[in-house]
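Just below is one structure, and these are the notes that go with it.
The values are calculated or read from the model by the stated rules, or taken from the named source; none is laboratory data. The structure presented is a predicted model; accordingly, all values stated were derived computationally and were not measured. When we count neighbours, we look across all protein chains shown, and the Cβ atoms used for this are built from the backbone with ideal geometry, even at glycine.
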Amino acid sequence: MAAELNGEAAAIPVNTNLIEKYAAAVPRYTSYPTAPHFHEGIGAPQYARWLGEMPEGARLSIYTHIPFCDSLCWFCGCNTKMVRRYEPVAQYLPSLHQEFVAVAELLPRRHKVDHIHWGGGSPDILDAGDVLRLAEIVQTRFDLSDDCEFAVEIDPRQITARQVHDFACAGVTRVSIGVQDFAPEVQAAINRHQSFEATKRAVDLFRSAGVRSINFDLIYGLPLQTPESVERSVEQVLELEPDRIALFGYAHLPKRLRHQSMIDEGTLPGAVERFVLASSLACRVIEAGYVRVGLDHFARPEDALAAGPLRRNFQGYSSDGAETLIGFGASAISKLPQGYVQNAVPTNDYKRRVSETGLAAARGYEFNEEDRIRGFVIERLMCDMRFPEPELLDRYGADAAGVVEEAKALLSADTDELLEPSGNGFRVTEKGRPFLRTICAHFDSFFKSSEQRHSMGV
């Protein structure tokens, strides 16, 4: 499969007109509806009711947000804040523990947890003892499945051997490491200085501690990047033999993320340059034997992500099969059968809400049937690159007829060979893969192009 995809990927030409046609800003589609459409009409009372209605046998995925870093990277799009002392982190953790207790008590039974993810910020900003205490809260309040996956995002520049030991003792099975780009001039332009040696040291420490699964995140579209610089970076990443690699496009949104204004826009690559960077990275990773997964993830053939089935969530692509995601911590988002719930973003507001009700829900969105239909279509397109007409009609019947007609019209109108008929639906061609998000936007009834809200489509 890797060799087949490599041949297809290598054959994609650089068509300037096509790239510019589909480069408009579009959502990343880690959710549907997307977060800008959440509203304050959903709060703690609705969230508590939805938790109490959790159906028997529902499997859970848990996300925990640690919104702190010890330095601010100018490219960052995460909800985080820089701290120079541990006191703000220490003051945050009791609220996080309290939220776990409150949610567990609202659930009607002890559901099985199949997947745990700690993100940030930098979860490794936690003192070693706090890593174990937080993991213990989860393990005592929820039942973890025998093969529960436990992933943690870490910053290799600050990780200590003691922290690695405690992460391993806590049950971590995979670490995700942000590389971005190893070129010194690019690192200076984004205020993130991270050597290959520091990155390798972190990988070696985790592997020595028994945490074997390693994921690397690379970013294209950063200031001063060139095909040569990203090629050098990906060669260094491949030298470390990760199990998974994600290639994210940089989202430059300085009107929403003010720290990104520190980046000189004149040094950012344009749409065509971004396309070239992404294509060259993807081809090299596939040549190294990785299987391309969805839009921008790659995995070794034996990895669960390559085997499928795939899901799309706020961390990107996942092999996690749980239908319900419960988010803990400031800004964390939960997806329940009834809809989305997002916690308060500012940490002080988060702590205040938790102290009052045990929950920090500040906004969200309740699904209707059309949302479920369109969300299913967009997720399957993002994961499988196909419009799933038979499954759609089997799930939703006549209610899905309108969306099926939209798909047929889209296929008929395609003159750029981005789509091709497949069974009763269509599939996205390799030529169309780079524009997958733009294709999904055709099924997004909320979508209106906005440079302030979304990132470039390539």
Being crowded, with 20+ Cβ neighbours inside 10 Å and closer than 17 Å to ASN343 by Cβ narrows LEU106, LEU134 down to just LEU134
Going through segment 292-326 in order, the residues found to be over 20 Å from THR173 (Cβ atoms) and among the β-branched types (Val, Ile, Thr) are THR324
Only one of LEU240, LEU257, LEU247 is in contact with a Gly (Cβ under 7 Å, 6 or more places away or on another chain), aliphatic (A, V, I, L, M) and not assigned by TED's automatic domain parsing to the domain that holds ARG427, namely LEU257
Checked PRO242, PRO254 against criteria (modelled with pLDDT of 95 or more and outside any helix (DSSP H, G or I)); the one match is PRO242
Scanning segment 30-45 for residues that are out of contact with any strand residue (DSSP E or B) (no Cβ under 7 Å at 6 or more places or on another chain) and part of a loop (DSSP other than H, G, I, E, B), the one surrounded by the most Cβ atoms within 10 Å (Cβ to Cβ) turns out to be TYR32
Condition set of a type in the set (A, V, I, L, M) and surrounded by 14 or more Cβ atoms within 10 Å (Cβ to Cβ), scope segment 83-100, selection nearest to the chain's Cα centre (by Cα): answer is LEU96
So the strands (runs of 3 or more DSSP E) completely within segment 288-370 holding 1 or more residues that are under 18 Å from ALA151 (Cα atoms), modelled with pLDDT of 95 or more and small (Gly, Ala, Ser) are 297-299, 324-328, 333-336
Scanning segment 311-368 residue by residue, those more than 19 Å from GLU379 (Cβ to Cβ) and without any contact (Cβ under 8 Å) to a residue 12 or more places away in the chain turn out to be ASN348, ARG352, GLU356
ask   = In this structure, does GLU149 turn out to be over 29 Å from TYR250 (Cβ atoms) and either part of a strand (DSSP E or B) or in the same structural domain as ALA90 (by TED's automatic domain parsing) (or both)?
value = no
Subset of segment 101-137, residues within 21 Å of ASN348 (Cβ to Cβ), touching a strand residue (DSSP E or B) at 6+ places or on another chain (Cβ under 6 Å) and assigned to a helix (DSSP H, G or I), comes to PRO123, ILE125
